[in-house]
Amino acid sequence: MSDSDTPIIIWFRQDLRLSDNPALHEAARTGRPVVPVYILDEATPGDWALGGASRWWLHHSLSALASSLGALGATLVMRRGDPRSILPGLIAETKAGAVHWNRCYEPSAMKRDEAIKSALKADGFTVASFNAALLHEPWTVQNKSGEAFRVYSPFWRTCLAQGDPAAPLPAPAALTAGPAVTSDRLDEWGLLPTTPDWAGGMRESWTPGEAGAKACLVDFLDEAIALYKAQRDRPDIKATSRLSPHLHFGEIGPRQIWQACSFTPDEGGGAGASTQKFLAEIGWREFSHHLLYHNRALPETPLRAEFAEFPWHENDAALTAWQRGLTGFPIVDAGMRELWHTGWMHNRVRMIVASFLVKDLLIPWQEGAAWFWDTLVDADLANNSASWQWVAGCGADAAPYFRVFNPILQGEKFDPRGDYVRKWIPELASLPVEYVHKPWLAPEGELQKAGITLGKTYPHPIVDHDAARKRALDAFARIKKAAA
């Protein structure tokens, strides 16, 4: 078999798309046969194996990818197990001479990929890896001292100073199929919930896959981008992109979003300022991935070392109430119920529910990160870890610890009519707006008219916020004094 006939294996991971896929693009450019493969590797991530919501998304995303590849003449091979043994076996089956992949930046994935690349190269195979996930590689953005940034604003200014990222690559027009080999059937992997099937709300809310990602971006730019800067903190208004799960699974890439935003007309409607604010949030995603690359213990260990001694509380009952949306604080409970039903939560509400867990309840941020990991369709190790540490006050560019969100005031400010709460907590739907974020203060007559019996149809608050805030600040003062 000549070099021009030697197949190239394309190892798909968190890049489940055809457009702007450098590994696929380079292989297709050669004209050689390609063998696309997805390996369900459940061992390498350790404690961060796919959660339930992510498994649901992955099933549908792989189904969409297989269909797209099939339309170009290639068959997606699916294997389950350790890539360290599966890839050499697949090379032997297909007589492939090269393996391409797009880079992952999670610590366990980097360690695995380095070992695989070294072993394959030692055996004489060509291995090529590419950047499909980030605007800038983590080792290319440094401060004036040549070190990684720990604060977002100068990080993003440095990114912007590097100019526009490379233009996204087109999808291949066609692919030359490699040798036929056996493949698992996607249904055999058991990624979908069955007993019970709790994914009905996710099916109603999402269209996984590259086509769904592109449609989501178009809808956002057509309908909501002008509202983004002013209204992005309002969970009762459709003003955010909802692109996060598509980005995590690589159904769309940040270069594609950047290019699409550069063609968004302002037309006097405020889209220009909103577009820059939206791209700055893409920058926060970028920052989170750079943080994880340079701080591999980020998912488990506080970046600020003094927080290792923080006096967290174990409170299984309170944790369960938070998880189930039964804390008695409507904006918190609405967010947790939205999460359970759709696999997603509005970003402002994420901050509110996270602050409530770590500051009102003094439950470790790692517990919240673990729950989000299992229930979010956009569960992403970098974003999840960096954002939880930010709220907890122990991470990079952290929110000041004394910033303790008041869930009543946050609800009244960002859900002023109570529409978000009414949607996700129907038992409060008939309360007048002045009480919807604090039902325990409603007169008994109003509660009766609304059909509410506190403690039965909706819980009393599980903590006194003012007392909880003081307790949290006292705890912070103790570790600050000890670290002085």
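Could you give the Stokes-Einstein D for the chain in µm² per second, using the C-alpha Kirkwood radius, 4 °C, 1.567 mPa s? Stokes-Einstein gives a translational diffusion coefficient of 54 µm²/s. The phi torsions of segment 231-243, fed into the Karplus equation with coefficients 6.51, -1.76 and 1.60 and a -60° offset, translate into couplings of 10, 5, 8, 9, x, 8, 10, 7, 10, 10, 7, 6, 8 Hz, rounded to whole numbers, with Gly and Pro shown as x.
Once C-alpha pairs closer than 8 Å and six or more residues apart are averaged by separation and normalised to the residue number of segment 93-204, the relative contact order reads 24 percent. Using C-alpha pairs below 8 Å separated by at least 6 residues, the relative contact order for the chain is 17 percent.
Can you tell me the FRET efficiency between Asp474 and Val151 if r is taken as the Cβ-Cβ distance and R0 is 25 Å, rounded to the nearest 0.05? List each step's numbers first, then the result.
Values: r = 27 Å, r/R0 = 1.10.
FRET efficiency, Asp474 to Val151: 0.35.
Using Cβ point charges alone (K and R +1, D and E -1), the dipole size of the chain about the Cα centre works out to roughly 740 debye. Determine the shape class of segment 147-198: with a ≥ b ≥ c the square roots of the Cα gyration tensor eigenvalues, call it rounded for a/c under 1.5, and otherwise prolate if a/b is greater than b/c, oblate otherwise. In terms of gyration-tensor shape, oblate.
Given axes a ≥ b ≥ c from the Cα gyration tensor, I'd like to know whether segment 3-132 is rounded (a/c under 1.5), prolate (a/b larger than b/c) or oblate. It is oblate, given that a/c is not under 1.5 and a/b is not larger than b/c. Applying the Karplus relation 6.51 cos²θ - 1.76 cosθ + 1.60 with θ = phi - 60° to segment 131-146 yields 3J(HN,Hα) values of 9, 10, 9, 10, 6, 9, 5, x, 8, 9, 10, 9, 7, 5, 8, x Hz, where x marks Gly and Pro. With 0.36 nm allotted per residue and the present C-alpha distance subtracted, the Lys95-Arg29 stretch has 21.8 nm of extension available.
Taking amide H positions as modeled 1.01 Å from N, with prolines and chain starts lacking one, the residues under 5 Å from Leu40 and 5 or more places away or on another chain are Arg79, Arg80, Gly81. When only alpha carbons are used to place a centre, segment 182-255 and segment 406-468 end up 30 Å from one another.
Computed 3J(HN,Hα) for segment 104-121, one whole-Hz value per residue from the Karplus formula 6.51 cos²θ - 1.76 cosθ + 1.60 where θ = phi - 60°, is 10, 10, 5, x, 5, 5, 5, 4, 4, 5, 4, 5, 5, 4, 5, 5, 5, 5, glycine and proline marked x. Sorted ascending by nearby beta carbons within 10 Å, beginning with the fewest, Arg348, Arg471, Arg324 become Arg324, Arg471, Arg348.
Where does the charge balance sit around Pro179 when Lys and Arg score +1, Asp and Glu -1, over other residues with C-beta under 13 Å from its C-beta?
Details: positive: Arg32, Lys95; negative: Asp5, Glu93.
My count for the surroundings of Pro179 gives 0.
Taking a ≥ b ≥ c as the square roots of the Cα gyration tensor eigenvalues, with a/c under 1.5 meaning rounded and otherwise prolate when a/b beats b/c, else oblate, which class fits segment 154-278? Walk me through the numbers on the way to the answer.
Working: a/c = 2.45, a/b = 1.42, b/c = 1.73.
Oblate is the answer for segment 154-278, as a/c is 1.5 or above yet b/c matches or exceeds a/b.
Going by neighbour counts of Cβ atoms within 10 Å, the residues Trp206, Trp424 line up, fewest first, as Trp206, Trp424. Placing +1 on the Cβ of every Lys and Arg and -1 on the Cβ of every Asp and Glu, with nothing else charged, gives segment 373-434 a dipole about its Cα centre of roughly 180 debye.
Which value in deg cm²/dmol, rounded to the nearest 500, describes the helix-derived mean residue ellipticity at 222 nm for the chain, given -39,500 (n - 2.57) per DSSP H run of n ≥ 4 and division by the residue count?
When only DSSP H runs of four or more count, the value is -14000 deg cm²/dmol.
Counting Lys and Arg as +1 and Asp and Glu as -1 over every other residue whose Cβ lies under 9 Å from the Cβ of Phe329, the net charge comes to -1.
Centroid-to-centroid, using Cα positions, segment 291-312 and segment 1-80 are 33 Å apart. A cut-off of 5 Å between modelled amide H atoms, ignoring neighbours fewer than 5 places along the same chain, links Val377 with Trp344.
Model label sites at Lys117 and Gln259, defined 7 Å from Cα along the beta-carbon direction, differ in position by 2.5 nm.
Every number in this text was worked out from the coordinates using simple rules, so none of it is lab data. Here the structure is a predicted model, which means the values were calculated and not measured. Virtual Cβ from ideal backbone geometry, glycine too; neighbours counted across all protein chains shown.
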